[in-house]
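To keep things clear, I will list the structure first and then write my remarks on it.
The values are calculated or read from the model by the stated rules, or taken from the named source; none is laboratory data. From a predicted model like this one, the values you see are computed outputs, not experimental measurements. Cβ sites come from the backbone with ideal geometry, for glycine too, and all protein chains shown count toward neighbours.
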């Protein structure tokens, strides 16, 4: 989940619990409530973001080069966490590390699935999404 989405979730939660929004309000009511938000509202939303009571974490996928033509894809919260996981798993530093879009397709045999779909199969993070071996010409 992107940070903007996380803010939106906690803003809606705050305004619902404060009685400034109702579940059946039209979408433009939210715009009105946001426009009239007080410093106290903003502080409460910021505290919710920090406390994160819904456990919302944004997970990314990182491509990390193991060796020529061989890459590990790691689900992690940030590059540092991905690198630490890679080092524990492969007992070496990655040759490089690049964040990939979650909607990029990953080849699984003759099928393609997005990293977003693959992430749903994982309960804990960081985790290994898969290994990709590129054909290397000699």
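Picking from residues in region 97-138 that are surrounded by fewer than 10 Cβ atoms within 10 Å (Cβ to Cβ), without any contact (Cβ under 8 Å) to a residue 60 or more places away in the chain and more than 17 Å from the chain's Cα centre (by Cα), the one that is farthest from residue 63 (Cα to Cα) is 138.
For (1) free of Cβ contacts under 8 Å to residues at least 40 places away in the same chain; (2) in contact with a strand residue (DSSP E or B) (Cβ under 8 Å, 6 or more places away or on another chain), each residue gets a yes or a no:
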residue: 13; (1), (2): no, no
residue: 19; (1), (2): yes, no
residue: 28; (1), (2): yes, no
residue: 44; (1), (2): yes, no
residue: 78; (1), (2): yes, yes
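Meeting the requirement of 1 or more residues that are under 21 Å from residue 127 (Cα atoms) and in the same structural domain as residue 123 (by TED's automatic domain parsing), the helices (runs of 4 or more DSSP H) wholly within region 8-111 are 79-90.
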